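The block underneath contains the structure these notes are about, expressed in structure tokens.
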Amino acid sequence: MIVTYPFSAVVGLDDLKLALVLNAVSPRVGGVLVRGEKGTAKSTIVRALAAQLPSVAVVPGCRFACDPAAPDPGCPDGPHEPGAEGGERPAALVELPVGASEDRLAGSLDVERALTEGVKAFEPGLLAAAHRGVLYVDEVNLLHDHLVDLLLDAAALGTCYVERESVSVRHAARFLLVGTMNPEEGELRPQLLDRFGLTVEVRASRDPEERAEVVRRRLAFEADAAAFAARWAAEESALAARIAAARARVPGVRLPDARLRQIATVCAAFEVDGLRADLVTANAAIAHAAWQGRDAVSTEDVRAAARLSLPHRRRRDPFDAPGLDERLLEELLERTAGDDEPGPGDDDGGDPSDDGGPGAGTGPAPASAGPGSGPGSGGRDHAGPPPSLEPSDGTPPSEERGVAGVAAPYRVPLLEVPGLGEGAAGRRSRSRTRRGRSTGARRPAGPIGDLHVPATLLAAAPHQRGRGRRGAGLVLRGDDLREVVREGREGNLVLFVVDASGSMAARKRMTAVKTAVLSLLLDAYQRRDKIGLITFQGTGARVALPPTSSVEAGAARLRSLPTGGRTPLAAGLTRAAEVLRVERLRDPARRPLLVLVTDGRATAGGDVDRAAALLKGTASVVVDCESGPVRLGLAVRLASRLRARLVPLDSLADLGAVVRDYRKAV
Ligand SMILES: [Zn+2]
């Protein structure tokens with residue numbers, strides 16, 4: 001048996017523990033998005049929480065975890081006799097892998113058996129498995145769009161629908177959704193951010209004592225997990241009991257009108273879109289009151305809820321990281337707290353159920369949670385504006401320390417990978433997809449996708465006499481089935497290889513080059529591409545940004561890119577070939593697009609022809625940066641060697657009107 005790390009033994013991470021507990025107390029809170037660097041024990045703590053959830057009573061043999069007291073009337077394994085005897089099992093923890101298929105997530109309906117055998121065969125997916133438990137998505141920001149849509153629809157409706165050719169199945173799917181992401185690898189789109197109830201920023205502690213304690217406990221757990229768990233058993237069962245008690249208390253918790261107005265005031269002041277923030281904050285405040293043993297929501301509950309429910313809902317630029325101005329929150333709470341009515345059991349901050357044990361970290365927000373101190377605090381709000389792609393005022397850039405500035409980005413023409421790909425959904429190159437418009441029919445290679453009815457009938461028609469058809473119905477066989485071929489758009493890996501040598505800087509081209517690359521980066525963000533950045537200058541090439549989905553990171557690297565020195569073009573090309581080789585192994589379906597930004601000069605390092613040969617077969621674009629009355633046409637020659645599309649730098653900008661407020665284009 002696998003022993004999970006005890007929840008109570010987790011050191012620090014108070015915001016995360018609180019967010020998880022509030023969700024365990026009330027499913028209405030709507031899940032947690034955990035943002036943070038790698039190696040912060042995000043998955044350990046989620047697993048630990050799942051072990052704390054009350055076990056569920058289930059109808060024996062039902063694959064959809066029906067509650068015997070109230071079975072799902074539409075259960076595909078039903079109908080079940082209500083009130084029949086049930087079994088018990090722990091609440092499920094289901095992990096959704098980033099690369100999962102739609103069928104794996106939502107379940108698959110066997111159209112072939114439906115047609116040939118006349119049965120509705122449904123194989124449940126992960127949404128069914130997660131019902132009444134936890135669905136955990138590591139790296140939710142890397143999840144394919146259509147999976148995210150499916151997931152969020154199910155989370156919002158509490159139901160999973162699977163439909164193929166008007167044969168449909170539905171079943172209950174209510175779960176605590178926990179997603180994690182590393183913001184370095186790209187932000188979640190705002191509309192998806194909004195679908196998570198709460199968000200928490202985690203960071204490994206910078207306090208040596210606390211770090212030492214984390215490691216001490218971890219080592220003890222690894223040495224003897226069972227003994228370690230046994231030492232924490234008392235705290236764990238106390239925590240489980242407290243969660244269960246709080247759950248029972250939720251329906252009776254009052255939300256006084258003054259507190260509701262307080263929530264509305266706070267949400268309005270933080271300029272969140274829509275009313276979802278108010279709802280989530282209210283539900284989280286109710287859960288927090290129940291957790292603290294109160295019968296009415298207090299200002300303290302509103303504060304705890306707002307700190308977790310608002311940071312990701314502020315109206316903001318697409319590349320801003322979530323954050324919350326805690327000073328403003330305190331001001332607002334103070335201004336509206338005057339009429340706080342003390343509820344029964346609320347003895348002025350005293351926490352009746354807080355035993356002060358190791359689980360106490362999940363109790364009331366620590367006193368130190370003032371402005372800018374907690375891990376979830378938007379420290380950036382105090383430190384100045386968040387990083388943005390936009391230059392501060394659009395004035396001509398400074399050229400100090402050999403770092404050219406960047407002007408306002410503009411719209412660029414669509415640069416495509418030729419042919420038909422099969423990569424992740426996006427908006428760049430043509431691809432075969434599960435969605436998109438229908439372009440034909442084919443014999444399915446694996447499990448059938450969407451059935452192409454006319455093609456299937458046509459395939460079956462010539463064999464009817466041979467199969468001994470007598471009556472009115474067609475005699476269908478499995479190999480008659482045809483599926484729809486669809487075409488949509490995929491995202492690509494756009495690898496920028498940028499000449500940052502002196503020959504570019506000397507001609508003051510670097511600002512134009514950086515602006516062009518920034519514009520292309522912005523375009524890549526909108527088209528859901530992965531991006532990478534290689535620069536070459538002086539003695540060699542370096543990977544300034546390994547392939548990632550974070551445009552913010554790309555923009556930051558670009559801004560600080562120094563220029564000067566000689567021009568090792570071949571080194572840049574060789575490095576690009578290396579990066580592409582690794583990425584092909586890592587993500588074979590994602591087709592690369594090489595964007596080489598250069599004037600074609602090579603004054604150092606290696607044979608350009610040989611290096612260009614390494615990139616044979618890669619879809620490429622050469623952005624020709626040569627300017628002036630006398631031109632050597634080196635970039636033109638390079639483009640023909642690479643069989644690349646040639647785009648003069650200036651025409652890149654001319655093709656689109658300058659988009660000053662590029663956010664409108666997102
Ligand atoms: Zn059932």
Q | Neighbourhood charge, 14 Å Cβ-Cβ cut-off, centred on Arg557 and excluding it, Lys, Arg +1 and Asp, Glu -1 | A | +1
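How much length is gained if the chain between Leu614 and Arg432 is pulled fully straight, taking 0.36 nm per residue apart and subtracting their Cα-Cα distance, in nm to one decimal?
62.8 nm
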**Q.** Charge tally in the Cβ shell below 11 Å around Ala612, where Lys, Arg are +1 and Asp, Glu are -1, Ala612 excluded
**A.** +3
Q | Stretchable slack from Ala227 to Asp273, in nm (0.36 nm times residue separation minus alpha-carbon distance) | A | 11.6 nm
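Semi-axes of the range 169-216's equivalent ellipsoid from the Cα gyration tensor, sqrt of 5 times each eigenvalue, largest first, rounded to whole Å?
32, 17, 9
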Q. Taking the Cα-to-Cβ direction at Glu123 and at Arg104 and moving 7 Å from each Cα, how far apart do the two end points lie in nm?
A. 1.2
Q) How big is the charge dipole of the range 425-487 about its Cα centre, in debye rounded to the nearest 20, if each Lys and Arg gets +1 on its Cβ and each Asp and Glu gets -1 on its Cβ? A) 220
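Can you figure out the FRET efficiency of Ala220 with Ser640, using R₀ = 60 Å and their beta-carbon distance, to the nearest 0.05?
Working: r = 65 Å, r/R0 = 1.08.
With R0 = 60 Å, the Cβ-Cβ based efficiency is 0.40.
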**Q.** Cα gyration tensor, the range 1-154 - rounded (a/c under 1.5), prolate or oblate
**A.** oblate
Q | Separation of the Arg581 and Asp607 label points, Cα + 7 Å toward Cβ, nm | A | 1.7
Q. Extension gain Tyr161-Glu184, at 0.36 nm per residue separation less the Cα-Cα distance, in nm?
A. 4.9 nm
Q: With r as the distance between the Cβ atoms of Asp149 and Arg89 and R0 = 30 Å, compute the FRET efficiency 1/(1 + (r/R0)^6) and round to 0.05.
A: 0.50
Q | Within-15-Å neighbourhood charge of Arg590 [Cβ basis; K, R +1; D, E -1] | A | +4
Q. Given a Förster distance of 22 angstrom, what is the FRET efficiency for Ala258 paired with Glu334, based on the Cβ-Cβ distance and rounded to 0.05?
A. 0.95
**Q.** Pair Ser168, Thr265: separation of 7 Å Cα→Cβ label points (nm)
**A.** 4.6
Q: Could you give the size of the charge dipole of the range 486-558 about its Cα centre, using +1 on the Cβ of each K and R and -1 on the Cβ of each D and E, expressed in debye and rounded to the nearest 20?
A: 160
Q.
Highest mean first, how do 423-430, 237-244, 209-216, 618-625 rank when packing is the count of other Cβ atoms within 10 Å averaged over residues?
A. 618-625, 423-430, 237-244, 209-216
**Q.** Estimated dipole of the range 549-630 in Debye, rounded to 20 [Cβ of Lys and Arg +1, of Asp and Glu -1, Cα centre]
**A.** 300
Q) Where does each of 62-68, 307-313 land if you order them by average Cβ count within 10 Å, highest first? A) 307-313, 62-68
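Among rounded, prolate and oblate, which fits the range 553-624 when a ≥ b ≥ c are the square roots of the eigenvalues of its C-alpha gyration tensor, a/c under 1.5 means rounded, and a/b larger than b/c means prolate? Working shown, then result.
Details: a/c = 1.92, a/b = 1.20, b/c = 1.60.
It is oblate, given that a/c is not under 1.5 and a/b is not larger than b/c.
Readers should treat all values here as calculations from the given coordinates under stated rules, not as data from a laboratory. It should be emphasised that the depicted structure is a prediction, and the values quoted were computed from it without experimental measurement. As a convention, Cβ positions derive from the backbone with ideal geometry for all residues, glycine included, and neighbour counts pool all protein chains shown.
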